[in-house]
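Below is one structure; the comments refer to it alone.
What follows draws every value from the coordinates through simple rules; no lab data is involved. A quick note: this is a predicted structure, and the numbers were derived from the prediction, not measured. All Cβ positions, even for glycine, are placed from backbone atoms using ideal geometry, and neighbour counts span all protein chains on display.
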Amino acid sequence: MKHFFKKHYLLIILILLNISFAVVFGGDFGDSWDEKPRYEAALQAISQYKELEPNKNIGDKGPIYWVFAKLGGDLIQSVNPNLTHIQAWHYIHFLTFILSVIALYSICLRFLSPEYSFLTAALFNTQPLLFGHAFINPKDIPFMAFFLLTISSGLTMIDKGRIKAQHHKSGTRSESFWDLITSNWAALNTPRRLLVLLTGILPPIALSLFRLYSKRIQVSITAFINSIQNEHFLRILNQLSFYFFRGNIDSGVTLNNVKTIYPYLFVLSGLIFGGLVALIGALFLPNVIRFLLGFKSWKNFLEKLKIVVRNPNVYLAALILGVSIVNRSLSLAAGFFVIFYLWVNYRSYFLPVSFMYTSVAMVTVYLSWPSMWGNPILGFLKSFFTVSDFSWGGGTLFWGTLLKSSNLPKIYIPTLISLQFTLPTIILFLIGLIAVIFLYSYNKGQKTIIVILAAWFTLPLLSTFIVKPATYDNFRHYLFLTPPIFVFAGFGIKYLLSLVPNYPISILLIILILLPGIHSLITLHPYQYIYYNELVGGVSGAFRKFEMDYWGTSYRECTLFINQEASENDSILVFGPAHIVKNYAREDLKVLHYREPDLHWMVEEADYAIISTRRNKDLSLLDDKPTIYSVTRAGATLAVVKDINP
């Protein structure tokens, strides 16, 4: 333990600084737009856990994290009763951010010394965008944290303990993969060779066509079902429809019905094709399949499984993966990266570790997600396609133009990443990327992790070009893909400091790297997440061009101002998240939630109005009324208070 503290003392200091900041300043952060429904989801889930009642409303996220956040917030509120329940659970969100810093540090240690790993973690920690989200974001920061923890704990599970030792002890196969393929192929006759080739070529083509011509296929399926006359066949379809979707097709189906089930048909087709490929491979290329799976014999499998079962790291990593998947089903990708690392580096343990890892993770998912209790397979598929096919009707401000969230330019996310992280981060990332490619050499495990880091960052980004999901609130939904940026920036830090001739200059360079983030953490508090760097002229340069306080956290400050100014029984008209204002308004004040058809009488009745500058709404709403208070930071206005009846 003494050696641990001596080796990692810089990280421990960083964690203590975070905790100190939270204790002193954590109560300054206002509620964010989505926190109330998430808190209510936690209350509902607690009731379902107690009653063992399935949740029929399957969303893209399970409630387990929100339940932990609610219970942890209750504990904090018991220590400080002055906090609201939302303010109290902010500390749990921030705790997940601290865990993400630790996980990033752990990954960096695989390439860098503890000192360089600390600097990388500190750079990540002092990003105003991430630090600001860390308190107020109940969805994307925990998702990023658990994604990081899944990979960090998964790598530790594989590389620590008896698995690594026994793997190297058993040695590797002498016959190469190419030799296995050629020998198996030579043993096949012509018809079997043709079958193997077709099995490998046709499924990807079929799935591609299934995706490219989805609208035409959906129309054809709709017409086919509505043309069925066979009563026996209709009865089967009715039973399936009722089982999966709680409805029937007695009166026919619409194109929208088929569009709803189409993703499941796509996955089902993929599973069938995958099973067919596996079957053909097992029948005609058995040695190749055994090589790919690292399988020698059932006896060997069971011997290795005994070793895996006794490894506590497997259960911890699997538990983290399960909670991560419940938090957001896209965390499956993190589990896949871990299994890929296992497959490349410890092939002889691939099957037993994968079996235990995924089994424990899936049990965790099932037990902690009430939506899974009734029908786990359907529930998981629905959750996965809900998150990948989510729609949002609002617009997104990009370079001063309000665009549809479903039709943003391909440069949208790369642009915001380059503008919302500090300038040293962007420069170090580019330097580190060059250094990784051209300057450093790596062992097999390190090469695999670099491939994982590259895929972790690029694949989600590329998928947005293809799927074009609704994207809004800048790129908060994609915060989980940003940690690789900092790992590569760590390589950049290492390279730059290696060029510095003496210690004082190294310290000066470190200060220059961290100073922009630290300065903005102070000047933008408690709205750090509105940060933009010098490429767009800072926060003031980004104002009216990009989104600022899209979470509405500045409404707390507006409400506290009105509490001081308003007369007894005055009314507040709120454009946006009225529930935030209700949490902080005086008990005698009446809060009116803006509804467009009722605007006339609301204006007549209200005394004050709170309007966000989000999408520049303050320029058009009640523009004839005087502004008596503005929440501003670094030259940008986040929200205004208007006096309706002066």
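Backbone geometry of the stretch 406-421 corresponds, through the Karplus equation with coefficients 6.51, -1.76 and 1.60 at θ = phi - 60°, to 3J(HN,Hα) couplings of 9, 9, 8, x, 5, 7, 4, 5, x, 5, 5, 4, 6, 9, 9, 9 Hz, x marking Gly and Pro. Look at where the Cα atoms of the stretch 596-635 and of the stretch 276-315 average out, and the two centres are 64 Å apart. Against the chain, whose longest principal axis comes from its Cα atoms, helix 231-245 is set at around 50 degrees. Each residue, I411 and S498, gets one label point 7 Å from its Cα in the Cβ direction; the gap between the two is 3.3 nm. Under a model in which nothing but the beta-carbon of Lys, Arg (+1) and Asp, Glu (-1) is charged, the chain shows a dipole of about 3440 debye around its Cα centre. For the chain, the square roots of the Cα gyration tensor eigenvalues, ordered a ≥ b ≥ c, give a/c of at least 1.5 with a/b no greater than b/c, which places it in the oblate category. Extension gain for L367 to L512 (0.36 nm times residue separation, less C-alpha to C-alpha distance): 47.4 nm. Packing here is the average count of other Cβ atoms within 10 Å per residue, and on that basis the peptides 338-345, 509-516, highest first, run 338-345, 509-516. Net charge of the neighbourhood of E587, taken over other residues with C-beta under 14 Å away and scored Lys/Arg +1, Asp/Glu -1, is 0. Please determine, in degrees from 0 to 90 and to the nearest 10, the orientation of helix 140-159 with respect to the longest principal axis defined by the Cα atoms of the chain, where the helix direction is its Cα long axis. The angle comes out near 30 degrees.
Calculate, for N238 and V267, the FRET efficiency according to 1/(1 + (r/R0)^6) with r their C-beta to C-beta distance and R0 22 Å; round to the nearest 0.05. For N238 and V267, the calculated efficiency is 0.50. Taking GluC sites (Glu not before Pro) across the stretch 477-570, the ones in a DSSP loop with at most 13 further Cβ atoms lying within 10 angstrom of their Cβ are E568. How high is the FRET efficiency from I434 to I466, r the C-beta distance, R0 25 Å, rounded to 0.05? Working from the Cβ atoms, E equals 0.35. If you take the charge dipole of the chain about its Cα centre, with +1 on Lys and Arg Cβ and -1 on Asp and Glu Cβ, which of N443, F4, L109 is farthest toward its positive end? Towards the positive end, the residue furthest out is N443.
Near P526, once Lys and Arg are set to +1 and Asp and Glu to -1 for all other residues with Cβ below 12 Å from its Cβ, the sum equals -2.
With helices as the sole contributors, the chain gives -21000 deg cm²/dmol at 222 nm; each DSSP H run of n ≥ 4 counts as -39500 (n - 2.57), and the sum is divided by every residue.
The stretch between S567 and Y213 holds 121.2 nm of extra length on full extension. This uses 0.36 nm per residue minus the Cα-Cα distance.
To the nearest 10 degrees, how steeply does helix 332-345 sit against the main Cα axis of the chain, on a 0 to 90 scale? The helix 332-345 is inclined about 40 degrees to the chain. Compared with the direct C-alpha span, the chain from K50 to K590 gains 190.8 nm at full extension, assuming 0.36 nm per residue. Cα centroids of the stretch 66-104 and the stretch 455-509: 27 Å apart. When the chain is described by a simple charge dipole with +1 on each Lys and Arg Cβ and -1 on each Asp and Glu Cβ, the residue from S463, L521, L342 located farthest towards its positive end is L342.
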